[in-house]
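First up is the structure itself, then whatever we jot down about it.
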Amino acid sequence: MAFISSGYDPSKPMEGRISDIGPRHFGEYLPPVIKDNFGKWAYHEIIEPGVLLHVADSGDKTYTVRAGTARLMTVTHIREICDIADKFSGGYVRFTTRNNLEFQVETEEKAKELKAFLNDQKFDGGSYKFPVGGTGAGVTNIVHTQGWVHCHTPATDASGTVKATMDVVFDDFQDMKLPAPVRISMACCLNMCGAVHCSDIAILGIHRKPPILDHEYLDNLCEIPLAVAACPTGAVRPSKVEINGETYKTVAVKEERCMFCGNCYTMCPSMPLADKEGDGIALMVGGKISNRITKPAFSKVVVPFIPNEPPRWPTMTKVIKKILDTYAADANKYERLGDWANRIGWERFFEKCDLPFSEHLIDDFRDPAYYTWRQTTQFKW
Amino acid sequence: MAKHKTPLLDQLESGPWPSFVSDVKQEADARAKNEKGIDYQIPVDCPDDLLGVLEMSYTDGETHWKHGGIVGVFGYGGGVIGRYCDQPEMFPGVAHFHTVRVAQPNGKWYNTQLLRSLMDIWELRGSGLTNMHGATGDIVFLGTTTPQLEEIFWELTHDLDIDLGGSGSNLRTPATCLGMSRCEYACYDSQELCYNLTMEYQDELHRPAFPYKFKFKFDACPNGCVAAIARSDLSFIGTWKDEIRIDQEAVAAYVGGEIAPNAGAHAGRDWGKFDIQKEVVDLCPSKCISYDGKLTIDNKECVRCMHCINTMPKALRIGQETGCSILCGAKAPILDGPQMGSLLVPFIEVNKDDDYQAIKDIVENVWDWWMEEGKNRERIGETMKRLGMAALVNAAGVPVDARQVQEPRHNPYIFWKAEDVDGGWERDINDFRTRHQR
């Protein structure tokens, strides 16, 4: 391999340097019909699952074909997307907030042709490359984090849990038979890069063992005061230990105070939490972002722990499917999962979804806990 | 021929959903064949080694990535996240495997020319693996080595006129819904505001000077497609003040069954005939809609939840006096539990003509306060909780408003200030004693 220079000269780093130019302006990438009707859209319809029609005040129409992706995508795969966009949609393509692809085409016939084409594309291993769907009252693509693919703090994998889940709920991606949209999200640790805390169903990686202390290295790798200050519950304090006659400056952890958030590890690599038996998944439900009908809401933990079962996490996907199917059968039209649970009552939610209620589900974290306890005699048997 | 055996990952190739394993294998093959004769600048077999290390995690139940070191490009404190494998001898292709965040065009619209140019850089100088896109919104290039960072930055800025995104304790790459580009609900041009603020605050984006991360997100209506209300320190959510526009003929067409409700979103199941009373009137959260052959909305009582508009998009349109609400302090649970954005500014005009100065004034006031008061690694939502909503409202320089609370306080522990009280707090004990014996 010969080093190829871009033109950058390390001996003169400032020469010709360009910085702080920001992103390209989005206006350069709008398909003509989108540019022409910017801010002048009249209404939209979902023609069939995965196909949207937008009509402008001018009468102009554009059809959108939406397809799911794994989000983790390679150069080769993205070039295939480019080939499709060049062939069908004038060389334009858009990514949605939930990692779907969208192609704009001019006619319904072309949209259906593109949909069929996308659904025909398969990986060598057999899965779809670009399954069309993700619209309306269904499950759309899962927003997720990096997991074991690329992150240093995960308690589980992200791409694998998402693949396993989407395989199980695939019908609901390609159809629109649920009472309302269901947004499933995945975050591989409590840092929640994926911000799953307001999702209809949230898959969340959690640790359950306090940090292991690498005493002999800790003081070299970490700022002890920062590690101490990082703990939200005050479980970490400065300490000294003696190993083989040598005294090391280190920290001590009051283990019963640890809530396994991993914040100490973020500040101090000598305090890892990851552990095969300790780590796994919590499931949360009932969150939403939208202001529609009811207020935005946080997700609630309904399953405190499911062990990691790679590669397909069968226990986790079974519980998700059960919750989704129970909701689908029982909720009213337009009722989001959390609104359904609120209406029937959470005691009934656990009963109907066949989920055990344990003490781990009673909040005991600071003030917000109080607002989750029942202060009424209005409950159900 | 795969470099490592991956029996567990191979099981993720079956099933309908797109398999990232198949895709990474496809890339590994393409790099091995190298039909275009590319002089790869990082190890050719890094996709193979990525699968190898991931398979090891599937067996071990633990990650094999180490903490990032300090890597980046000259003059920036963010945009690159250092990443090293903790089994470099077994997987040399990914021993050094840093992430590069690249600023995405707002609304994530692309043409293939731009995408292909980005892919050319990443094929030559990186692993060929990406996230389209990261949770914050950036294009994420997964995996390269330190000597390539300046080269990638040079090519991005010189050849593609594109910058890096944010990471660390700075302004993170702002993100927006697709707004006016393809949505009839857009109450303001979320993409243009996002672009303008991104350009205005490039310094804050690239050079960490904040107590912790800070996120702007822009939702052009209360439906909230980018989840601004749940995950951004300042959320700009479109809204309106005047009346919902009604087309009574189209309402009749919905009632008559000629138009499918909710834009056809429920087509997968037979929910029966559309019932406007049950599906719109009764579900209105502020009960401001009635129907007696004609739809009437008491707009003064409307809370703009979007339900009636979403359900009958051909008949109802948002008002015309539009702008945005600004909410502050949303975040995921770490450290103090999750927080939703709290309403700071009920309504503000989104005015491009004065370069959005009114919005920038609020942003800068809020930042000044947080940089003064915030502790290290404290999100502004936590600073707000610690010091109070009123302190934020005052610092932001916006009027106090009943809309900023759900309900007034439950306790009378009011922190009165001396200037709130007639005569102030200075008193003379001797004067007091003229009326009260010791």
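Quick notes on this one:
- Here the contact order of the stretch A:50-207, divided by its residue count and restricted to Cα pairs under 8 Å and six or more residues apart, works out to 20 percent.
- Taking chain A as a Gaussian network of alpha-carbon nodes connected by springs under 10 Å, the highest mean-square fluctuation of the residues A:V33, A:V105, A:V162 belongs to A:V33.
- 3J(HN,Hα) couplings calculated from phi for the stretch B:123-130 with the Karplus curve 6.51 cos²θ - 1.76 cosθ + 1.60 (θ = phi - 60°) are, in sequence order, 6, 6, 10, x, 6, x, 10, 9 Hz; Gly and Pro show x.
- Relative contact order of chain A, pairs being alpha-carbon contacts under 8 Å that are 6 or more residues apart, as %: 12
- Of all DSSP bridge pairs formed entirely within chain B, close to 80 percent run antiparallel.
- Each principal axis of the Cα cloud of the stretch A:1-155 was evaluated for its coordinate range; sorted largest first, these ranges are 58, 40, 30 Å.
- Nearest 10 degrees, 0 to 90: helix B:46-60 Cα axis against chain B principal axis: 70
- Both radii come from the Cα set of the stretch B:92-181: Rg as radius of gyration, Rh as Kirkwood radius; their ratio Rg/Rh reads 0.96.
- Residue by residue, the stretch A:14-21 carries 3J(HN,Hα) couplings of 8, 6, x, 5, 10, 9, 6, 9 Hz when phi is fed to the Karplus relation 6.51 cos²θ - 1.76 cosθ + 1.60 (θ = phi - 60°); x denotes Gly or Pro.
- Beta-bridge orientation, the protein assembly as shown: approximately 85 percent antiparallel, per DSSP, counting only bridges with both partners inside.
- Result for chain B in a Gaussian network model with C-alpha springs under 10 Å: among B:D159, B:D270, B:D203, the largest mean-square fluctuation is at B:D270.
- For the protein assembly as shown, with +1 on Lys and Arg beta carbons and -1 on Asp and Glu, the positive-most of A:V251, B:G166, B:L129 along the dipole: A:V251
- With the highest mean first, a sort of the peptides A:90-101, A:15-26 on other beta-carbon atoms found within 10 angstrom per residue produces A:90-101, A:15-26.
- With Cα atoms, 0 to 90° folded angle of helix B:20-33 axis to chain B main axis: 40
- In whole percents, the pair-distance distribution calculated for the protein assembly as shown from its alpha-carbon pairs, binned every 10 Å from zero, is 2, 13, 23, 27, 20, 10, 4, 1, 1, 0, 0.
- Two-decimal log10 I(q)/I(0) for the stretch B:245-317, as the Debye equation yields it once each C-alpha is a single scatterer, q = 0.16 Å⁻¹: -0.50
- The separation of the stretch B:196-251 from the stretch A:93-145, counted between C-alpha centres, amounts to 26 Å.
- Under-5 Å amide H pairs with A:A252, H placed in peptide plane, nonlocal only: A:R237, A:S239
- Overall, the anisotropy analysis places chain A in the oblate class: the square-rooted eigenvalues a ≥ b ≥ c of its C-alpha gyration tensor yield a/c not less than 1.5, with a/b not exceeding b/c.
- Average partner coverage of B:313-319, which counts Cβ from other chains inside 10 Å: 2
- Mean Cα-pair separation over length for the stretch B:7-159, i.e. relative contact order, pairs under 8 Å, 6 or more apart, %: 21
- Footprinting exposure proxy for B:F236, A:F298 (fewest neighbouring C-beta atoms within 10 Å first): A:F298, B:F236
- When the P(r) of the stretch B:46-158 is calculated, the portion above 20 Å amounts to 42% of the C-alpha pairs.
- Positive-end residue of B:T322, B:Y201, B:N411, charge dipole of chain B with Cβ unit charges: B:N411
- Rounded to the nearest 20, the Cβ-based charge dipole of the stretch B:7-159 about its Cα centre (Lys and Arg +1, Asp and Glu -1) stands at 500 debye.
- D_trans [Stokes-Einstein, Kirkwood Rh over alpha-carbon pairs] for chain B, 25 °C, 0.890 mPa s, µm² s⁻¹: 96
All of the numbers you see were taken from the coordinates with simple rules; none came from a lab. The shown structure was predicted, so the numbers you read here are calculated from the model rather than taken from an experiment. For neighbour counting, all protein chains shown are included, and Cβ atoms are generated from backbone atoms with ideal geometry for every residue, glycine included.
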